[in-house]
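The values are calculated or read from the model by the stated rules, or taken from the named source; none is laboratory data. Fair warning: this is a prediction, and the values are worked out from it, not measured in the lab. Here the Cβ positions follow ideal geometry from the backbone for every residue, glycine too, while neighbour counts run over all protein chains shown. To get the accessible areas, we keep the full protein, side chains included, count just its heavy atoms, and leave off ligands, DNA and RNA. Shrake-Rupley method; radii C 1.70, N 1.55, O 1.52, S 1.80 Å.
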Amino acid sequence: MFVKSSLIALAVATSAFSRILLVERDGRPFYPRRFGQEQCGGIGGEIGSTCNGAICGVLGGRVPGTLLAGAAECAQQDLADDIIDASKQQDAATAAKMVALAVKLRQCEKNTPPDFTTK
């Protein structure tokens, strides 16, 4: 019993101590992972299936690249503009859905950690 309680206490102490040591790496704090918490999960598939033809498939395939941390600052806006431009070649109902999806895409968060250096 003593060995088991000692091991549990050691595991808890090691865990707490390692959290203190790993608060920062290269001066940047660690952030908890947010897998499965995306606010726009599956929007690429929605865009890809909105209209017939290859144009929506191509536009939907470009979505993940705009949400990555290494993407250009205006990549989301450029893709939203391309979606709206492509919607002008569709019927009214499809065009309205494409514009709504462009707005939804523009509201998606990028995969970048917050910047706490500015207030």
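Results, tabulated for the structure shown:
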read-out: Some residue of the stretch 61-79 being under 10 Å from residue 101 (Cβ atoms) and more than 14 Å from the chain's Cα centre (by Cα); value: no
read-out: Residue ID - nearest to the chain's Cα centre (by Cα), chosen from residues in the stretch 81-100 that are small (Gly, Ala, Ser) and surrounded by fewer than 17 Cβ atoms within 10 Å (Cβ to Cβ); value: 100
read-out: The stretch 101-119, subset at pLDDT 90 or above and more than 15 Å from residue 48 (Cβ to Cβ), residue most open to solvent (accessible area, probe 1.4 Å); value: 106
read-out: Selection within the stretch 39-60 - touching a residue at least 24 places away in the same chain (Cβ under 8 Å) and open to solvent by 40 Å² or more (accessible area, probe 1.4 Å); value: 39, 46, 55
